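Okay, so here's the structure we're looking at.
The values are calculated or read from the model by the stated rules, or taken from the named source; none is laboratory data. Just so you know, these numbers come straight off a predicted model, no measurement behind them. We place every Cβ from the backbone using ideal geometry, glycine too, and count neighbours over all the protein chains shown.
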Amino acid sequence: MSALADVSLPPLRIEKEPGGLTLAAVEKRGVPLFHARISFPAGASTDPAGKTGLASFTSDLLRRGTLRRGADAVDALIEGMGAHLSVEANMDECALGLTVPYELAAAALDALLEVALEPSFPEEEVERARRQTISALQSDLDEPGTVASRALAVLGYGEGHPYGHPLAGRTRDVEGFTRDDAAQFHAARYRADGALLSLCGDASRDDLIALARARLGQDRFASFARAKSTTGPLSLAPAAYAIAARRGLTALVIHKADSTQAQLRIVAPGLSRKADNWAPAFVANAALGGGFTSLLVDAIRVERGLSYSVSSRLSMNRHAGLSLFSSFTKNETLRQLIDVALEKMRGYAASGPSADALAKSQRYLAGLFPFSLQGLEALAEQVSDSVLDGTGLESIEHYRSIITSVTAEQARAAARELSPAREGAQIVIVGDAAVAQKALEGICPVEVRPIEEFA
Amino acid sequence: MALDPSRFPVEEFTLANGLRVRLLQDRSLPVCSIYSFFRVGSRNERPGITGISHLFEHMMFNGSRKYGPKEFDRRLEAAGGSSNAYTSNDMTAYYEDFASDALPLVLDLESDRMAALTIDDASLARERGVVKEERRFRTDNDIDGMMDEALSALAYLAHPYRWPVVGWMSDLNRISKADCEAYFRAYYAPNNCTIWLAGDFEAGYAREEISRLYGAIPAGPKLPAVPVGEPTQKGPRRSLVQFPAQAPALLFGYRAPAGDAVDSLVLDLVETVLGHGQGSRLIRALVYGQELCVEARVGYGWRLDPGLFQVSLRLNPGVETPKAEAALYAELDKLGNEPLPAEELRRAKNLVRANLLRSLVTTNGRAHMMGQMEMMLGDWRKLLDLDDRYEAITAGDVQRVAKEIFAPHRRNVVELVPGELPESDPEDVAQAIDAHLLAGGAA
């Protein structure tokens, strides 16, 4: 089979505006649609001390009233155009996006900027959002997978790390949120420098840039577009993102009564999105537990029928990441699942991928990569991330050749250095505590905590 | 406005054995997506082998005449592709996304398993275990899954929609190799399949290669008729599910028409008015206005036979079930008793149109959407003027259909009662439910 050629991006243009805002315009023909996405350095890693969840809380409030209209009118404006406004805060950023038929591009961009830049944080909406967030955190306790994710952030990065708390925060912190908290967070983090506005749609890149400048040039947005902000640094010093080393293997069991199935996670430090060795790491992970014919899927699902779902993955934030194993099984086979997972991952860390597995993983990743550029939303996000992460457009355009040029030695090193089961790894089980404790006998020290602690 | 047909240059043909083939080129990126739609789902099952359609979906990846066990995905991934599949009440769909130069391999893999799938005891035992694990994950330990299962069993008395797609656990234990072989012979024949290929390929090559590889597969027998009868529902029905949970939940299913009925498009708009977007009526009233729910979801999926219009409410901790239920009925009644304001109708139409356009952006999306349209409505061309048909719907249509569908006698309700999981002793269950009723819970 021939080598896979690199992929050409559609015509695009990236501009840095005087106030520090980055504009990215991507010409995407085929369907008459327009997508706009704006990203701010307002992720959960910037939650103030004692206020975990404030980034997420603030992002939820953006659409609940602006200086020009109330919450219902905001929804009517956006959904009247046929758009769903997505507002997503992750650890590093908060991104707002919407997609509309192209003829509504100008109105849609105005609406997006209004929600992002002119929220009014009405007192009654803040009160309601606080009550709703607390209810949702409690309701999440019914979802074992969600509880496992909340625990992993704390365990994986460690308490006090910028990424070491649940994205949605803790109930005890959310209970104290006020209107001022949200307004101050918005004023500090939703600013031009560090923000990126990407437009993608059925028009030329120059027309898209002109559209962005015209809408941002309106008096209402002028102060944002022109002025650099001076409120605090965009990110912390690199040392703040270092993950403290751990020794041995430990386990946390989160007791959920009456479970007939247990969720199993194994976590160790991973890679940041800026890491130079992302390509060997991707290849090594794909061979371990990324694809359907990976080592772990083969051993756990195909060979033994122990689980419906098993994977390893790299959970990558901009400045640090985790290496994760994830699966579940019925109570009766939990010990077997743990044993097989640890044995296979430790063996793989020692040997790395075989020549066949290496070649297969490279082709698998490279072959499928163009699918991540097909949708307007996906394309805008890829371009936005490459700029904000500092990896550059070449990480997209040359993705295929970078992946296929990974050597066996590089893949072995990544397999060894990033194994989820290496020294210092932690096991998390959400399920019946008695079952989990028995399954972990003789493997490692175990701490048991009630599920209610994870709200 | 209708979609421009020139943007969807579909080439279609049917082989002598009945296989229907649709080709849709898009050479903007070096990738393809292919779907194989089989007209078989849980609707085609019978008691005793419920879940076999879905179990069979798993079996399709376990080897065939030319490609041994594990080879399907190993070869595909090594060529830069991935596969997946899903089973619904009405159909089973297999799809592959892949680098375009892997097309010869993908066609060979797919045609080989249609021609001569390997079904052996070892792979059946293994997949049985995996599917049971999937059932534990999606149903036995998942509140939405267990309520959905209870709703189907409540709403349908005779129709095969009564049982879950994943099947009852006792049937998963019972399905035999002979059942699987008979199922394959009946339902996996070329005359029960439609292939949709979209993306970067040479049309002439695809046409010839598909004809060569699939052409020799014999047509299958005439399929047994599905026993689609269902007695008229004569009054509201209710079912209680007891499970450890933070708060109660409610799932409603109103008897609704099949996907090809004229009113199904009206119900798509009703679904959007009620539950799509933050500005939808139920989100505004129940989540924000009265703060009764953490979440309110609305779903009306087209089915081959009359289906259900569903509303799911996950209540805020501390909210009494009757209060949330009354609030929902008030909203549904309002939609049936008052004309929909023009701006709300416009909003619903715009959202439906934008969703339609978004679903057609990717090769996978196009192949899936157009194939599904053909499976449900009999002709993919009906996709092209779908937007015009939504546009023609009036506020009066919405009011009429809401009034009809949300009538109490069409209603089925599943209520989640938080509590310890009942043990196998049925007396415990009866006592717990009696206690709930005595405490004022609805029946």
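Quick notes on this one:
- Hits in the range A:325-340 (condition: in contact with a helix residue (DSSP H, G or I) (Cβ under 7 Å, 6 or more places away or on another chain) and either in a helix (DSSP H, G or I) or not charged (D, E, K, R) (or both)): A:Phe325, A:Ser327, A:Phe328, A:Thr329, A:Asn331, A:Leu334, A:Arg335, A:Leu337, A:Ile338, A:Val340
- Among the residues of the range B:192-225, those that are surrounded by fewer than 18 Cβ atoms within 10 Å (Cβ to Cβ) and assigned to a loop (DSSP other than H, G, I, E, B) comprise B:Glu202, B:Gly215, B:Ala216, B:Pro218, B:Ala219, B:Pro221, B:Lys222, B:Leu223, B:Pro224, B:Ala225.
- Helices (runs of 4 or more DSSP H) wholly inside the range B:56-143 that include at least 3 residues being within 29 Å of B:Pro164 (Cβ to Cβ): B:103-115, B:121-135
- Helices (runs of 4 or more DSSP H) within the range A:106-188 that include 3 or more residues more than 22 Å from the chain's Cα centre (by Cα) and within 14 Å of chain B (Cβ to nearest Cβ): A:123-139
- Residue match in the range B:158-170 (condition: modelled with pLDDT of 95 or more, farther than 30 Å from B:Leu250 by Cβ and charged (D, E, K, R)): no
- Exclusive hit being assigned to a helix (DSSP H, G or I) and surrounded by fewer than 16 Cβ atoms within 10 Å (Cβ to Cβ), set A:Arg416, A:Arg400, A:Arg363, A:Arg412: A:Arg416
- Residue in the range B:146-157 that is in contact with a Pro (Cβ under 6 Å, 6 or more places away or on another chain), buried (at least 19 other Cβ atoms within 10 Å of the Cβ) and not assigned by TED's automatic domain parsing to the domain that holds B:Glu420 present: yes
- Search result, residues across the range A:192-211 that are farther than 10 Å from A:Ala105 by Cα, in contact with a strand residue (DSSP E or B) (Cβ under 6 Å, 6 or more places away or on another chain) and part of a helix (DSSP H, G or I): A:Arg205, A:Ile209
- Any hit, the range B:346-360, residues being in contact (Cβ under 8 Å) with a residue 40 or more places away in the chain and away from chain A (no Cβ under 14 Å): no
- Output for the range A:316-341, where each listed residue is touching a strand residue (DSSP E or B) at 6+ places or on another chain (Cβ under 7 Å) and either without any contact (Cβ under 8 Å) to a residue 60 or more places away in the chain or facing chain B (nearest Cβ under 8 Å) (or both): A:Gly321, A:Phe328, A:Thr329, A:Lys330
- For the range B:61-79, the condition of being more than 12 Å from chain A (Cβ to nearest Cβ) and closer than 19 Å to B:Ser176 by Cβ holds for none of the residues.
- Filtered by the rule that a residue be under 16 Å from A:Asp298 (Cα atoms) and crowded, with 19+ Cβ neighbours inside 10 Å, the range A:327-351 gives A:Ser327, A:Phe328, A:Thr329, A:Leu337, A:Ile338, A:Val340, A:Ala341, A:Leu342, A:Lys344, A:Met345, A:Tyr348.
- Selected residue [surrounded by 22 or more Cβ atoms within 10 Å (Cβ to Cβ) and of a type in the set (Ser, Thr, Tyr)] from B:Ser33, B:Ser100: B:Ser33
- Note on the range A:1-19: residues that are in contact with a Ser or Thr (Cβ under 8 Å, 6 or more places away or on another chain) and either away from chain B (no Cβ under 13 Å) or surrounded by fewer than 15 Cβ atoms within 10 Å (Cβ to Cβ) (or both) amount to 5.
- Sole residue being touching a Cys at 6+ places or on another chain (Cβ under 8 Å), over 30 Å from B:Ala85 (Cα atoms) and either among the aromatic types (Phe, Trp, Tyr) or part of a helix (DSSP H, G or I) (or both), chosen from B:Ala348, B:Ala330, B:Ala324: B:Ala324
- Scope the range A:32-75; condition under 19 Å from the mean Cα position of the chain (by Cα) and assigned to a loop (DSSP other than H, G, I, E, B); matching residues: A:Pro41, A:Ala42, A:Gly43, A:Asp47, A:Thr52, A:Gly53
- Within the range A:67-74, the presence of at least one residue that is surrounded by fewer than 23 Cβ atoms within 10 Å (Cβ to Cβ), within 27 Å of A:Gly201 (Cα to Cα) and at the interface with chain B (Cβ under 10 Å from one of its Cβ atoms) is confirmed.
- Note on the range B:198-246: among residues that are under 27 Å from the mean Cα position of the chain (by Cα) and within 14 Å of chain A (Cβ to nearest Cβ), the one that is farthest from B:Glu325 (Cα to Cα) is B:Gly199.
- Just one residue in the set B:Ala178, B:Ala189 is of a type outside the set (Phe, Trp, Tyr), closer than 30 Å to B:Asn17 by Cβ and surrounded by fewer than 20 Cβ atoms within 10 Å (Cβ to Cβ); that residue is B:Ala178.
- First in the range B:297-318 and away from every other protein chain (no Cβ under 14 Å) and charged (D, E, K, R), second anywhere and assigned to a loop (DSSP other than H, G, I, E, B) and surrounded by fewer than 21 Cβ atoms within 10 Å (Cβ to Cβ), Cβ under 9 Å, 6 or more apart: B:Arg303/B:Ser88; B:Arg303/B:Ala258; B:Asp305/B:His159; B:Asp305/B:Val226; B:Asp305/B:Val228; B:Asp305/B:Glu230; B:Asp305/B:Ala258
- Here B:Ala219, B:Ala186, B:Ala203 are screened, and the one residue that is among the hydrophobic types (A, V, I, L, M, F, W, C), closer than 29 Å to B:Met373 by Cβ and modelled with pLDDT under 95 is B:Ala186.
- A:Leu324 being under 30 Å from A:Ser259 (Cα atoms) and not polar (S, T, N, Q): yes
- Test: A:Pro445 is within 30 Å of B:Phe137 (Cα to Cα) and not assigned by TED's automatic domain parsing to the domain that holds A:Thr133: yes
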